[in-house]
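Enquirer: So that we are looking at the same thing, I have put the structure below in structure tokens.
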Amino acid sequence: MAEEQISSEINKLSLSETQISLVTADDVVFKIEPAIAKEMETVQSFIDETDGKITTIPLPNVFSHDLPLIIDYCEKNIAGKITKEFETEFVKKLNNEEVKDLFLAANYLNMTKLLDFLSQVIADRIANKSVEYVRKYFGIENDFTPEEEAKLREELAWTFTGVDKDEDEN
């Protein structure tokens, strides 16, 4: 009985030390620790469904330019070092397209904390912006006729007050 328990503990220990390989949509492999995988609910689900036997997980909706940022965020979260300063620096150098790509990756990986943070970043970036800016930001084509749009702008004129000047940022 004691030998069985020791063997079981050794198996758990070796499993916890096993790195997990994540294969991005552009076929780049990243090796992560199991603690990082636990931060990514989608990845953890793969592991749980195979009783920990899977060590290579494809991520068809995550690209290699996003995964290092996600891993960095996970490491800081595990260490309890997610601060406003960290979050500010985390997105400071990212343009709008990069933030949206990261948002989509976090959504696919089911990372609630990162997803909530990025949602707020996007909301802040489109706050007080014109309809045209928001359409451009999200790649939405205007489906109103000029007459329909003019009528809506007249009826809802109050919504267009206090709008910031559009930036030419991607």
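The values are calculated or read from the model by the stated rules, or taken from the named source; none is laboratory data. Since this is a predicted model, take the numbers as computed values, not measurements. Using ideal geometry, Cβ is built from the backbone for each residue, glycine included, and neighbour counts are taken over all protein chains shown.
Enquirer: Assuming Phe138 fulfils every condition listed in (1) surrounded by 13 or more Cβ atoms within 10 Å (Cβ to Cβ); (2) under 29 Å from Ala106 (Cβ atoms); (3) out of contact with any helix residue (DSSP H, G or I) (no Cβ under 7 Å at 6 or more places or on another chain) apart from one, which condition is it?
Expert: (1)
Enquirer: Applying the selection to the stretch 98-116, what residues are more than 11 Å from Asp66 (Cβ to Cβ) and either surrounded by fewer than 19 Cβ atoms within 10 Å (Cβ to Cβ) or β-branched (Val, Ile, Thr) (or both)?
Expert: Hits for the stretch 98-116 are Asn107, Asn110, Thr112, Lys113, Leu115, Asp116.
Enquirer: Also, quick follow-up: So Asp101 fits all but one of (1) assigned to a loop (DSSP other than H, G, I, E, B); (2) closer than 30 Å to Asp166 by Cβ; (3) modelled with pLDDT of 95 or more; (4) touching an Asp or Glu at 6+ places or on another chain (Cβ under 8 Å); what number is the exception?
Expert: Of everything listed in (1) assigned to a loop (DSSP other than H, G, I, E, B); (2) closer than 30 Å to Asp166 by Cβ; (3) modelled with pLDDT of 95 or more; (4) touching an Asp or Glu at 6+ places or on another chain (Cβ under 8 Å), Asp101 misses just condition (1).
Enquirer: Report, by residue number, each residue of the stretch 88-100 that is over 10 Å from Leu118 (Cβ atoms) and free of Cβ contacts under 8 Å to residues at least 40 places away in the same chain.
Expert: Kept after step one, since they are over 10 Å from Leu118 (Cβ atoms), are these residues of the stretch 88-100: 88-89, 92-93, 95-98.
Within the stretch 88-100, Thr88, Glu89, Lys92, Lys93, Glu98 meet the criteria.
Enquirer: Let me ask something else about it. Going residue by residue through the stretch 79-91, is there one that turns out to be modelled with pLDDT of 95 or more, in a helix (DSSP H, G or I) and of a type in the set (Ser, Thr, Tyr)?
Expert: yes
Enquirer: Can you tell me how many residues in the stretch 44-78 are charged (D, E, K, R), under 16 Å from the mean Cα position of the chain (by Cα) and in a loop (DSSP other than H, G, I, E, B)? Let's see the steps before the verdict.
Expert: Let us first name the residues in the stretch 44-78 that are charged (D, E, K, R), namely 48-49, 51, 53, 66, 72, 75-76.
Subset that is under 16 Å from the mean Cα position of the chain (by Cα): 66, 72, 75-76.
Still in the running and in a loop (DSSP other than H, G, I, E, B): 66.
So the count comes out to 1.
Enquirer: If you don't mind, there's one more thing I want to ask. Can you find a residue that is of a type in the set (Lys, Arg) and either surrounded by 11 or more Cβ atoms within 10 Å (Cβ to Cβ) or within 20 Å of Pro68 (Cβ to Cβ) (or both) anywhere in the stretch 154-168? Don't jump to the end; show me each part of the working.
Expert: Quick first cut of the stretch 154-168, residues of a type in the set (Lys, Arg) only: 165.
Now narrow it down to the ones that are either surrounded by 11 or more Cβ atoms within 10 Å (Cβ to Cβ) or within 20 Å of Pro68 (Cβ to Cβ) (or both): none.
No; the residues of the stretch 154-168 include none that is of a type in the set (Lys, Arg) and either surrounded by 11 or more Cβ atoms within 10 Å (Cβ to Cβ) or within 20 Å of Pro68 (Cβ to Cβ) (or both).
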